[in-house]
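Below are the structure tokens for one structure; questions will follow.
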Amino acid sequence: MMSSFILPVLSVLSAAAPTTVQPVDWEHAPHLQISLESYRFDPAAISLRHGEPYVLAFVNKAGGGHNFVAKRFFAAATVSDADRPRIEKGAVSLDGGQSAEIHLIAPAAGTYEVHCSHFMHSSLGMKGTVVVE
């Protein structure tokens, strides 16, 4: 028979035990292609669900460089360790014809603004939103 002291201690110890985090199955995560084209993103509005994993496949279809600047979004999202170096100062930058994939888990619900920071690109229409529900 256990003493009345041991049972509460065992209860506290089991409650404090770390939980195992399951690895993300990136192969089955939705892949969303985002095209960076001359003065536009396609699609310009991206819809995601909070807490869900996604693979964002950025493709620069233009001859010159573009970037996808989403500082608040990338700061709030859980980006895979391997992909963090591809995001500099809240932006994914691509030279003409380049592509990159970013594996992430969507952040808290909200609307996150996106733009290209190259000279005049945003003014010419290269902007959009990421909406997380």
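The values are calculated or read from the model by the stated rules, or taken from the named source; none is laboratory data. Here the structure is a predicted model, which means the values were calculated and not measured. Glycine also receives a Cβ, built like all others from the backbone with ideal geometry; neighbour counts cover every protein chain displayed.
Restricting to the range 77-90, name every residue that is surrounded by 15 or more Cβ atoms within 10 Å (Cβ to Cβ) and of a type in the set (A, V, I, L, M, F, W, C). Working first, answer last.
Within the range 77-90, the first condition is being surrounded by 15 or more Cβ atoms within 10 Å (Cβ to Cβ), and the residues that meet it are 77, 79-80, 83, 86-87, 90.
Within the range 77-90, A77, V79, I87 meet the criteria.
Listed residues S38, S47, S99; which is at pLDDT below 95 and surrounded by fewer than 16 Cβ atoms within 10 Å (Cβ to Cβ)?
Being at pLDDT below 95 and surrounded by fewer than 16 Cβ atoms within 10 Å (Cβ to Cβ) holds for just one of S38, S47, S99, which is S38.
Name the strands (runs of 3 or more DSSP E) wholly inside the range 24-90 in which the number of residues that are in contact (Cβ under 8 Å) with a residue 12 or more places away in the chain and under 11 Å from the mean Cα position of the chain (by Cα) is 2 or more.
In the range 24-90, 53-60 are the strands (runs of 3 or more DSSP E) which contain 2 or more residues that are in contact (Cβ under 8 Å) with a residue 12 or more places away in the chain and under 11 Å from the mean Cα position of the chain (by Cα).
Restricting to the range 92-103, name every residue that is part of a loop (DSSP other than H, G, I, E, B) and either among the aliphatic types (A, V, I, L, M) or at positive phi (or both).
G97
On to the next question. Please specify each residue of the range 113-133 satisfying the condition of being of a type in the set (S, T, N, Q) and outside any loop (DSSP other than H, G, I, E, B).
T129 - this is the single residue of the range 113-133 that is of a type in the set (S, T, N, Q) and outside any loop (DSSP other than H, G, I, E, B).
Can you pull out the residues in the range 76-115 that are hydroxyl-bearing (S, T, Y) and within 29 Å of S38 (Cβ to Cβ)?
S93, S99, T111, Y112
Going by what's in this entry, would K71 be described as among the charged types (D, E, K, R), more than 16 Å from I34 (Cα to Cα) and at pLDDT 95 or above?
yes
If a residue must be at positive phi and either more than 17 Å from the chain's Cα centre (by Cα) or at pLDDT below 95 (or both), how many such residues does the range 104-131 contain?
2
Moving on to the next point. So, of the residues in the range 102-120 that are out of contact with any Ser or Thr (no Cβ under 8 Å at 6 or more places or on another chain) and farther than 22 Å from G65 by Cβ, which turns out to be surrounded by the most Cβ atoms within 10 Å (Cβ to Cβ)?
Filtering first and then ranking leaves A106.
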